[in-house]
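The structure appears below as structure tokens.
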Amino acid sequence: MNQAQIQDWLVEKISEETGLNKDQVKIDVPFDSFNLDSLSMITVSFDLETILGREIDPTLFYQYNSIRLLSEAIQSNT
């Protein structure tokens, strides 16, 4: 999965978790602005692990606090 695909997947998943429209989920906006609770963040992390086939530490969402930054970090570690 390339960086753009990871970004698209994260936009879709965050939209599902929050009820926001996909066009409201911007890739350069901090995750905390989407009002995701900790359970939602763990769900997103777990589902991301599943599609990528490798472990994703949930703390990466705080370390790389936007869809763009997280997808770049994930892609650079492949």
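Do the conditions hold for residue 56, that is, is it in a loop (DSSP other than H, G, I, E, B), modelled with pLDDT of 95 or more and surrounded by 14 or more Cβ atoms within 10 Å (Cβ to Cβ)?
When the stated conditions are applied, residue 56 does not pass them.
List the residue pairs whose Cβ atoms are under 6 Å apart, where the first residue sits in segment 9-31 and is within 19 Å of residue 49 (Cα to Cα) and free of Cβ contacts under 8 Å to residues at least 60 places away in the same chain, the second is of a type in the set (Phe, Trp, Tyr) and part of a helix (DSSP H, G or I), and the two are 6 or more positions apart or on different chains.
Within 6 Å, the pairs are 14/34; 31/61.
Among the numbered criteria (1) out of contact with any Phe, Trp or Tyr (no Cβ under 7 Å at 6 or more places or on another chain); (2) part of a helix (DSSP H, G or I); (3) at pLDDT 95 or above, which one does residue 70 miss?
(1)
Sort through 24, 7 and tell me the only one that's modelled with pLDDT of 95 or more, of a type in the set (S, T, N, Q) and within 11 Å of the chain's Cα centre (by Cα).
After applying the criteria, what remains is 7.
The values are calculated or read from the model by the stated rules, or taken from the named source; none is laboratory data. Keep in mind that what you see is a predicted model, and the values were worked out from it rather than measured. Note that each Cβ is placed from the backbone with ideal geometry, even for glycine, and that neighbours are counted across all protein chains shown.
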